[in-house]
1. Collect the residues in the range 34-50 that are more than 14 Å from the chain's Cα centre (by Cα) and more than 14 Å from residue 80 (Cβ to Cβ), keeping them in residue-number order.
2. Given (1) more than 24 Å from residue 96 (Cβ to Cβ); (2) within 13 Å of the chain's Cα centre (by Cα), where does residue 65 come up short, assuming only one miss?
């Protein structure tokens, strides 16, 4: 004889509530993991935290600040890695040098 498992309306409500809480908790954890601090960004990129701070100082890596906190978007860092180039090209020392050279060339005074 087969055993029938009957689920009551209350059981369904309880299960639905538990599933909702679990999915809500998982979504919060995923959102928190999308924003990284300098130490977490260093680990993701396999760099030292000092290198991360240096790259942010030179605008070589995508970052943002919240108050005094230096934060990074995981997606932006991964895109930066995939591109293999600086996403903030206008503020790199190389482009600054080329702009300065162009300005001096165009504004020569004899």
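1. Within the range 34-50, 48, 49, 50 meet the criteria.
2. Result: residue 65 passes all but (1).
Residues are listed down the side, and each one gets a yes or a no for (1) in a helix (DSSP H, G or I); (2) at pLDDT below 90:
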{"residue": "6", "(1), (2)": "no, yes"}
{"residue": "12", "(1), (2)": "yes, yes"}
{"residue": "19", "(1), (2)": "yes, yes"}
{"residue": "44", "(1), (2)": "yes, no"}
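The values are calculated or read from the model by the stated rules, or taken from the named source; none is laboratory data. Only a predicted model underlies this, so the values are computations on that prediction, with no experimental measurement involved. Please note: Cβ atoms are built from the backbone with ideal geometry, for glycine as well, and neighbour counts cover all protein chains shown.
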